[in-house]
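Below: the structure, in structure tokens.
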Amino acid sequence: MVAVEGSPVRLVLDTGDGDREYAEEQLQYLLAELSQLDLASIERAPSPLPPPPGTRGSGAVELGALVIGLGGGGALLPVLVGLVQDWLNRRRSGTIRIKIGDDEIELTATTDEMRKRALEDFLRRHGK
């Protein structure tokens, strides 16, 4: 079991289309919903250096990166994950990666039994 307390949670939104304006708009909607939770902190992740000339970057993904402090020993992690999954399902598109330390899970707008089990395992690893 990996502790969450003190470990920031990184959320990375990928709208899947590479449109920076759309990604920013979606990120603002997500931030509005996240601000309703009693989180210790929500910050934009620092932007990476631009890709070298002639290479492809992942601007929409990096634009949508947040670092979240849960506080309270991680009791909010299931609530946070539930909010993210619900948010994705209402939009019916996109992907959000949730990362704690080296452990990561990717949530998409579609759900099935395998994803449910993966999510339960992820939450169990970071539970009390």
Quiz item: Within region 7-16, is there a residue that is of a type in the set (Gly, Ala, Ser) and either modelled with pLDDT of 90 or more or within 14 Å of Ile98 (Cα to Cα) (or both)?
Solution: yes
Practice problem: Being charged (D, E, K, R) and closer than 27 Å to Arg125 by Cβ is the filter; apply it to region 17-41 and report the residue that is modelled with the highest pLDDT. | Solution: Glu33
Quiz item: So which residues in region 76-90 are free of Cβ contacts under 8 Å to residues at least 60 places away in the same chain, of a type in the set (A, V, I, L, M, F, W, C) and surrounded by 14 or more Cβ atoms within 10 Å (Cβ to Cβ)?
Solution: Leu76, Val81, Leu83, Trp87, Leu88
Quiz item: Counting only residues that are farther than 16 Å from Leu34 by Cα and of a type in the set (A, V, I, L, M), which one in region 62-106 is farthest from the chain's Cα centre (by Cα)?
Solution: Leu63
Quiz item: Got at least one residue in region 71-89 being assigned to a strand (DSSP E or B) and modelled with pLDDT of 90 or more?
Solution: no
Quiz item: Is it true that some residue in region 49-68 is at pLDDT 90 or above, over 18 Å from Thr108 (Cα atoms) and not aliphatic (A, V, I, L, M)?
Solution: no
Quiz prompt | Filtered residues of region 91-105 (kept if loosely packed, with under 12 Cβ neighbours inside 10 Å and under 22 Å from Gly18 (Cβ atoms)) | solution = Arg92
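The values are calculated or read from the model by the stated rules, or taken from the named source; none is laboratory data. No experiment lies behind these values; they were computed from the predicted model shown. Note: ideal-geometry Cβ built from the backbone for every residue, glycine included; neighbour counts use all protein chains shown.
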